[in-house]
Amino acid sequence: MAPSTPLLTVRGSEGLYMVNGPPHFTESTVFPRESGKNCKVYTFSKDGTLFAWGNGEKVNIISVTNKGLLHSFDLPKAVCLEFSPKNTVLATWQPYTTSKDGTAGIPNLQLYDVKTGTWLKSFIQKKTQNWCPSWSEDETLCARNVNNEVHFFENNNFNTIASKLHLQKINDFVLSPGPQPYKVAVYVPGSKGAPSFVRLYQYPNFAGPHAALANKSFFKADKVTMLWNKKATAVLVIASTDVDKTGASYYGEQTLHYIATNGESAVVQLPKNGPIYDVVWNSSSTEFCAVYGFMPAKATIFNLKCDPVFDFGTGPRNAAYYSPHGHILVLAGFGNLRGQMEVWDVKNYKLISKPVASDSTYFAWCPDGEHILTATCAPRLRVNNGYKIWHYTGSILHKYDVPSNAELWQVSWQPFLDGIFPAKTITYQAVPSEVPNEEPKVATAYRPPALRNKPITNSKLHEEEPPQNMKSQSGNDKPLSKTALKNQRKHEAKKAAKQKLKAIEQLKEQAATGKQLEKNQLEKIQKETALLQELEDLELGI
């Protein structure tokens, strides 16, 4: 029997408290509200049975099931907390500081035994990024990145380094999920003309020229994000540069690479130019979704051969979220977009709902695979703070708006282990709700100033592309006809011209505010008349 819906934890200027999930939404008695603004951090254990928080004086651990205080540690400056996967260890981190005389500071990463409350080990960990040690799911292995090496500990014995993986300038690593044998992906940035690379190893086979399971090298990478699939058979690597030297994007430049533990690797060919906003694996480990391209962005599902399976067309989106069971996918446009969501049945590639969560800064699937949490939090946005609980069919089941003189900083679901909640049959009929769904006004499309006084043609500024099932096209490698090829080139030329016009308009606005433009930017503005003529010719079919 599945448990009731997970709890919600809310942290803000009104304090730290928990709320019962659907259908109740009442304040929970599991955790008595802690008033005040001093709570900087909280975390659940992976199975949701333990809860830890720091209140500016102590870090406390309670049992969610028994509602009892287990331990309390004097850690007033702790700002990061995390439990090991099987609740054996609590890791805490506070900012690293050095003495006034320049001598090394005290260790700021602490490990505690959750059962006894005793201190286990301390480390110096200067950066917040990747502060927490990485454990295997059964905790037989734990790893840390230390000075160009990955140090491995076995069975939570932190006094002995069981093994080391040494490569010059290791920048990042990710331990594989799932059972043994354990694998690790490591990233080494390029230098002096040498490419960056990601290598996959199987623990503890690190020595020798042929020890790596797979290797993928590439240029154009200031940083990477490495994503293992759930079955630990492949890694997706998003390689990013901070600056796009072509000047086409403010986001820098990104490429997507696929690396499998069997040695296969590939560059994922994305059919539209522009930034890569998000990449997510399905929990099935057999497919992944990428959101990419200049707005309106494309979203595409790829298989393990990196072939497109389903194209969702274009839309105002920059994020993708698979449900815990992998049978529903939400495509969303948050941040500087309006908050439009598309909820898809990915087995039948059918749109379920299209709700709008305006001003959202946070999104999370409930572990039950039925409910969705969206929130507007400070400091990202300091107005209209609050959260909403949705059913995936688009109904708002609960809404909480923070008072105008208060702020919401964080809200999240209590986690549960996989398999606790069974997958349910997808419904397309919106579930009943007493909360009104306020649809925001639709914004008008952008038009370059030179075209604003001209009649609107049937062609839109942004060419919208409908969803398309790519499976039916597999094996269809017939070359395009001359007419189809001509139309395709014309379509791409129109898109490029419109994108350049928008960039020119932004440069002109910057110049109007007094900003000094570079020579190449001024030359770009001078091309506006020619681009307008080119666009007009293309729209008329010349």
- Task: Report the full-extension gain for the segment Tyr400 to Leu70: residue separation times 0.36 nm, less the Cα-Cα distance, to one decimal in nm.
- Result: 115.7 nm
- Item | Rounded tilt (10° steps) of 482-512 against the dominant C-alpha axis of the chain | 70 degrees
- Whole-Å distance linking the alpha carbon centroid of the stretch 300-336 with that of the stretch 29-79 is 35 Å
- Query: Can you list the aspartates and glutamates whose alpha carbon sits under 15 Å from that of Lys77, skipping same-chain ones fewer than 8 residues off?
  - Reply: Glu57
- Please list 425-435, 354-364, 145-155 highest first by mean number of surrounding beta-carbon atoms within 10 Å per residue. 354-364, 145-155, 425-435
- Starting from the Cα of Glu434, step 7 Å toward the Cβ, then list every residue of the stretch 372-407 with an amide N under 18 Å from that point. 388-391, 395-401
- Rounded to the nearest 10 degrees, what's the angle between the helix 528-539 long axis and the longest principal axis of the chain, both from Cα atoms, 0 to 90? 80 degrees
- Among [x] 1.07; [y] 1.11; [z] 0.92, which one is Cα Rg over 2.2 N^0.38 Å computed from these coordinates? [x]
- Query: In the stretch 119-267, how does Rg compare with the Kirkwood Rh, expressed as the Rg/Rh ratio over alpha carbon atoms?
  - Reply: 0.98
- What is the local net charge at Trp409, summed over the other residues whose Cβ is closer than 14 Å to its Cβ (Lys, Arg +1; Asp, Glu -1)? +2
- Query: To the nearest Å, what is the center-to-center distance of the stretch 365-432 and the stretch 135-177, using C-alpha atoms only?
  - Reply: 35 Å
- Task: Would you compute, for the Cα atoms of the stretch 85-166, the largest minus smallest coordinate along each principal axis and list the three values in descending order, in whole Å?
- Result: 42, 33, 22
- Task: Quickly work out the Leu227-to-Glu536 label distance, labels modelled 7 Å from Cα along the C-beta direction, and quote it in nm with one decimal.
- Result: 4.4 nm
- Task: Decide, for the stretch 60-207, between rounded, prolate and oblate: order the square roots of the alpha carbon gyration tensor eigenvalues as a ≥ b ≥ c, take rounded if a/c falls under 1.5, and otherwise choose prolate if a/b is larger than b/c, else oblate.
- Result: oblate
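A 26 angstrom limit on the alpha carbon distance is what I want to check against. Which of Lys86/Lys305; Lys399/Lys424; Lys272/Lys498; Lys220/Lys500 exceed it?
Beyond 26 Å: Lys86/Lys305.
Where a number appears in this text, it was derived from the coordinates with a stated rule and is not lab data. Quick caveat: nothing in here was measured; it's all calculated off a predicted structure. Counting neighbours? That spans all protein chains shown, and the Cβs are built from the backbone with ideal geometry, glycine included.
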